1. So how do 124-134, 230-240, 101-111 stack up, highest first, on mean other-Cβ count within 10 Å?
2. Using DSSP to call loops (not H, G, I, E or B), can you name the GluC sites (Glu not before Pro) in segment 142-242 whose Cβ has at most 14 other Cβ atoms within 10 angstrom?
3. With every protein chain in place, what's the accessible area of His44 (1.4 Å probe, Å², nearest 10)?
4. At 0.36 nm per residue, minus the direct Cα-Cα distance, what do Thr164 and Asp110 gain on full extension? Give it in nm, one decimal, please.
5. Starting from the 7 Å offset along Cα-to-Cβ, what nm value, one decimal, do you get for the label separation of Arg213 and Phe12?
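The values are calculated or read from the model by the stated rules, or taken from the named source; none is laboratory data. As the structure is a computational prediction, the values presented were derived from the model and not from experiment. Glycine gets a Cβ as well: all are built from the backbone with ideal geometry, and neighbour counts include every protein chain shown. Accessible surface is based on the protein model in full, side chains and every heavy atom, while ligands, DNA and RNA are left aside. Shrake-Rupley method; radii C 1.70, N 1.55, O 1.52, S 1.80 Å.
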Amino acid sequence: MNLLLLSNSTQFGCGYLEHALDTVTAFLPANARLAFVPYALADHAAYTTRVREALEPSGITVRGVHENADPVAELAASDAVFIGGGNSFRLLAALCRTGLREAVRDAVRDGLPYMGASAGTNMAAPTLRTSNDMPIVQPPSFATLGLVPFQINPHYLDPDPASTHKGETREERLTEFLEENDVPVLGLREGSWLRVDGDRAHVQGARPARLFRRAAEPQELAPGSDVSRLLATVPRFDAPVR
């Protein structure tokens, strides 16, 4: 499989995808017809226009899957697929409703390049369980695309020792996940991404990632780190610590 999994599509001080534009345009086939999946936001037309404005100057033709009466047919006519960020629960519900969950999974496993950002990166994991999002809708299942066998947490935030906020930190929430599930979680800080090319996987971007595993201290992964071993993960969900 050929995957580019971005933590975020918008970066402080940058335009849409600007912080990763060289990586994105190098990843996508030259002059590609890109199927864009806008279902994580409510205004599909405006979202698609935003992606067009960012990518079409680089020679990429952007087609929103909602612009075709048959979104699966639009996917089949494309050279790559991009699933954008927003609310992961709304996105997954729409993927299930349109048949795209299975269609995207099968096409990517057959070699179609897949790019995700934020919620779209969540979709690449086996389940929605490590999303940061509020469940504003109820999808029929938490099962996502399973393009990688481990979980990803986009927009990972480090604990702020100066904060007076008494809610759980992201690290605490991921620790709770690992108490109930024996699956590694790759925390992608904003400005970082995961690149998967066949049986090789690397952390890339401007910032290190953070890897969480059961019964182990979190591990910092500098940009360039080889995390190919994670592709051999055998996930164990609903396997609480005894």
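1. 124-134, 101-111, 230-240
2. Answer by residue number: Glu168.
3. Surface accessible to solvent at His44 totals approximately 50 Å².
4. That works out to 14.6 nm of additional length.
5. My value for the distance between the label points is 3.2 nm.
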